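Asker: Handing you a structure now.
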2 protein chains.
Amino acid sequence: MFNQLGVIGCGLMGGSFALALKRAGLVKRVVGYSKSPSTTEKARRLGVIDTAAESALLAVSGSDLVLLAVPVAATEATLKAIRHLVEPGVMLMDVGSTKRDVVDAARRVLKDKVGCFVPAHPITGKEVSGIENADAYLYANRQVILTPLAQTDAALVQKATDVWAAIGCQVLKMSPENHDAAFAAVSHLPHLLAFAYFASVAKQPAGRDFLSLAGPGFRDFTRIAASDPVMWRDVLMSNREEILKQSQRFRHTLDALEHVMKLGNSEALEDLIRNASEMRAGWQMSSPKPGGSR
Amino acid sequence: MFNQLGVIGCGLMGGSFALALKRAGLVKRVVGYSKSPSTTEKARRLGVIDTAAESALLAVSGSDLVLLAVPVAATEATLKAIRHLVEPGVMLMDVGSTKRDVVDAARRVLKDKVGCFVPAHPITGKEVSGIENADAYLYANRQVILTPLAQTDAALVQKATDVWAAIGCQVLKMSPENHDAAFAAVSHLPHLLAFAYFASVAKQPAGRDFLSLAGPGFRDFTRIAASDPVMWRDVLMSNREEILKQSQRFRHTLDALEHVMKLGNSEALEDLIRNASEMRAGWQMSSPKPGGSR
């Protein structure tokens, strides 16, 4: 049980974490801060936070648990704003989709206090963002990746594990480097491809007519193209090295498919498709409670 | 009301059409044929068809409505097998995802009987195939595109419109050429990209580990990569000219995104993403009954 959760960044992720902790009875009080005062006020009005803080530092004051839920490129500036109040007894976590840059920023800014920081990436999201979409069940039946540093307090890593497990997450640990390589492949590249694909259809002369004909396959394939621009700008920029590597792999596979199409080699095309199709049919999203995905 | 529906190809599309017509009380009897006798037998056992025919020709015998629901590359051979029984009084339709090749095959094979043929493409599907997944509601709240020829009997076009409308479809008409250009963009290319993307992740050395970390965004983005290999081999091959054109457009847009990532131009990247994101957020799948999608 925490006395006070400080949420910095009252959006979908931060707001949902506050609601999930309240629902699980894990926190007495939630203080929130967002760069935009109207967002902080909306979070308070919606009951997601109890008290609006006027600065990031004030959201840390008196909190024994602090969640950074800002776009990853804002991590360093936010850590600078709060570092004076980060001290033993405070557990600091983030929810960023990239981890190398976040961990580097934490090392640079927090220095000898970096042991308080448990870097976290919950594998969840929605194609809608903002505090109005906060959801107490956003983290239920999902995975969360912790990427602790060598200096991270082992007791805090256990405490973080317990908190995420209590709101329904399966907790995994890996290095920031492995995390970023894996998520470039299974999350960041698909977002890049979805943005590129949707834009390429929409901006062509007959785009509007074409879009009126699109069906359920298109709908699901492009769902993530509606994701938050600021968050994804930061993710694509910060992990670009790994993402560009994955994009090269993808282009090679696409080249191979197009090559057999151009040759008119139906048999080879069927083999390539069958291979992908069978593997995808056999894949299932990991979930701590099988069949319990929402 | 039809006396007898002949379904050639007892798979997801053909089976669902039979179930939908039965449910709407539009047909007295359904005769079915599949290349594999065990499939035809399964369709009969499941009650999707009433009688198993031993050949495509026998499925046409006595039918006043015939649905061709075979992979598009099998259209020409199937039409040859049945043409002797295609005569005035029989309405022949297909459900192929491409239309230029189907219409060309019909012209070549049916010659002066081509007026009986109403080419159709219902915009629906599942990532699972086969008669065991047939669903009386597969066509409900979906669009169907008819691409009649100049020689198609106008009364049959009206009759086809009525049948599809009766099972819940919004009926649109367009030329085979416009159809194929549009569906290259909104359906065929996404399938190609999904096959390529899933294969490129799965086949890399750490692919198995990466796949175990993938979340809901990945799940939806790759759903169509599990589609039927034979059906999609034919679609990609038959409409490859338009699909390759669309792929070029997509690659240009992807190049532009990667270019600003490489330059480190966050602002330009955000603009490109925001553009796609806002357009996608404003897009909704067309549906005859808004909000009624299944």
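Asker: With a 10 Å cut-off between alpha carbons and a GNM built on chain B, which of B:148, B:216, B:71 moves the most?
Answerer: Looking only at B:148, B:216, B:71, the biggest GNM fluctuation is shown by B:216.
Asker: Ok, one more. Rounded to the nearest 20 Debye, what is the dipole magnitude of the protein assembly as shown about its Cα centre when Lys and Arg each give +1 and Asp and Glu each give -1 at the C-beta?
Answerer: Its charge dipole is roughly 780 debye.
Asker: I need the Debye-formula profile for the range B:217-266: one equal scatterer per C-alpha, no solvent, reported as log10 I(q)/I(0) at q = 0.19, 0.23, 0.29, 0.30 1/Å, two decimals.
Answerer: Evaluating at q = 0.19, 0.23, 0.29, 0.30 Å⁻¹ gives log10 I(q)/I(0) of -0.85, -0.93, -0.98, -0.98.
Asker: Moving on to the next point. Provide, in order from the shortest bin, the percent of all Cα-Cα pairs of chain A in each 5 Å bin, continuing until the bin that contains the maximum pair distance.
Answerer: Reading the bins upward from 0: 1, 5, 11, 14, 17, 16, 12, 8, 6, 4, 3, 2, 1, 0.
Asker: Pop out the ³J(HN,Hα) list for the range B:17-25 in order, Karplus 6.51 cos²θ - 1.76 cosθ + 1.60 with θ = phi - 60°, rounded to Hz; leave Gly and Pro as x.
Answerer: Taking θ as phi minus 60°, the curve returns 5, 4, 5, 5, 5, 4, 4, 7, x Hz for the range B:17-25.
Asker: Per-residue Cβ counts within 10 Å, from other chains only, averaged over B:206-212: what number is that?
Answerer: 6
Asker: Note down the net charge around residue A:10, summing +1 for each Lys or Arg and -1 for each Asp or Glu among other residues with Cβ under 10 Å from its Cβ.
Answerer: +2
Asker: Under a crude label model (7 Å from the Cα following the beta-carbon direction), how far is residue A:133 from residue A:268 in nanometres?
Answerer: Going from the residue A:133 label point to the residue A:268 one covers 4.2 nm.
Asker: Using Cα pairs closer than 8 Å and at least 6 residues apart in sequence, work out the relative contact order for the range A:2-174, in percent.
Answerer: Rounded, it is 24 percent for the range A:2-174.
Asker: Per residue of A:118-128, how many C-beta atoms from partner chains lie within 10 Å of its own C-beta, taken as a mean?
Answerer: That average works out to 2.
Asker: Diagonalise the Cα gyration tensor of the range B:1-139 and give the resulting equivalent ellipsoid semi-axes, square root of 5 times each eigenvalue, largest first, whole Å.
Answerer: Here the semi-axes work out to 21, 16, 14 Å.
Asker: Next question. Kirkwood Rh, Cα Rg: Rg to Rh for the range B:1-48?
Answerer: For the range B:1-48, the value is 0.95.
Asker: Do you know the relative contact order of the range A:83-209, to the nearest whole percent, from alpha carbon pairs under 8 angstrom that are 6+ apart?
Answerer: Relative contact order of the range A:83-209: 24 percent.
Asker: Counting residues in the range B:153-234 as N, plug N into 2.2 N^0.38 Å and put the Cα Rg over that result.
Answerer: 1.58
Asker: Put a dot 7 Å past each Cα toward the Cβ at residue A:251 and residue B:248; how far apart are the dots in nm?
Answerer: Rounded to a tenth, the inter-label distance reads 1.7 nm.
Asker: Which net charge results when you count Lys and Arg as +1 and Asp and Glu as -1 among the other residues whose beta-carbon is under 12 Å from that of residue B:178?
Answerer: -1
Asker: Same structure again: Output the pairs from A:203/A:245; A:245/B:262; A:203/B:245 with a Cα-Cα distance over 22 Å in this structure; if there are none, say none.
Answerer: A:203/A:245
Asker: While we're here: Take the range B:183-294, drop everything but the C-alpha atoms, weight them equally and run the Debye formula without solvent; then report log10 I(q)/I(0) at 0.10, 0.11, 0.17, 0.19 Å⁻¹ to two decimals.
Answerer: Taking Cα atoms of the range B:183-294 as identical point scatterers yields -0.42, -0.51, -1.17, -1.31.
Asker: Moving on. Nearest the rotation axis from A to B, which residue of chain A has its beta carbon, and at what whole-angstrom distance?
Answerer: Reported as residue, whole Å: A:220, 2.
Asker: Something else now. What is the Å³ per residue value for the convex hull set by the Cα atoms of the range B:83-221?
Answerer: It comes to 151 Å³ per residue, whole-number rounded.
Asker: Considering only A:12, A:211, A:236, give the residue with the highest GNM mean-square fluctuation for chain A, with springs between Cα atoms whenever their separation is below 10 Å.
Answerer: Result: A:211 has the largest fluctuation of those listed.
Asker: Could I ask something else about it? Expected output is a single nm value to one decimal: the length gained when fully extending between residue B:41 and residue B:28, i.e. 0.36 nm times separation in residues minus the C-alpha distance. What is it?
Answerer: Residue separation times 0.36 nm, minus the Cα-Cα distance, leaves 2.7 nm.
Asker: Rank these by accessible area, largest first, 1.4 Å probe: B:121, B:252.
Answerer: Descending order: B:252, B:121.
Asker: Still on this model: Once the mean 1/r over all distinct Cα pairs of the protein assembly as shown is inverted, what Kirkwood radius in angstroms do you read off?
Answerer: 25.9
Asker: If you don't mind, there's one more thing I want to ask. What does the structure give for A:245-251 when I average, per residue, the other chain Cβ atoms found within 10 Å of the residue Cβ?
Answerer: 5
Asker: Non-local amide H neighbours of residue B:27 (under 5 Å, H modeled in plane, Pro and chain starts lacking H): which ones?
Answerer: Under 5 Å from the amide H of residue B:27: B:2.
Asker: What ranking do A:239-251, A:186-198, A:218-230 get when scored by the average of other Cβ atoms within 10 Å per residue, highest first?
Answerer: Highest mean packing first, the order is A:186-198, A:218-230, A:239-251.
Asker: What accessible surface, in Å², does a 1.4 Å probe find on residue B:79, ignoring ligands, DNA and RNA and rounding to the nearest 10?
Answerer: Surface accessible to solvent at residue B:79 totals approximately 0 Å².
Asker: Can you spot the aspartates and glutamates whose alpha carbon is less than 12 Å from residue B:126's alpha carbon? Ignore those fewer than 8 places along the same chain.
Answerer: A:220, B:135, B:228
Asker: Relative contact order for chain B: what percent, with Cα pairs under 8 Å and sequence separation of 6 or more?
Answerer: Across chain B, relative contact order equals 17 percent.
The values are calculated or read from the model by the stated rules, or taken from the named source; none is laboratory data. Values in this document were obtained by computation on a predicted structure and should not be read as measured data. A quick note on method: Cβ atoms are made from the backbone with ideal geometry, for glycine too, and the neighbour counts reach across all protein chains shown. Accessible surface areas use protein heavy atoms only, side chains included; no ligands, DNA or RNA. Shrake-Rupley method; radii C 1.70, N 1.55, O 1.52, S 1.80 Å.
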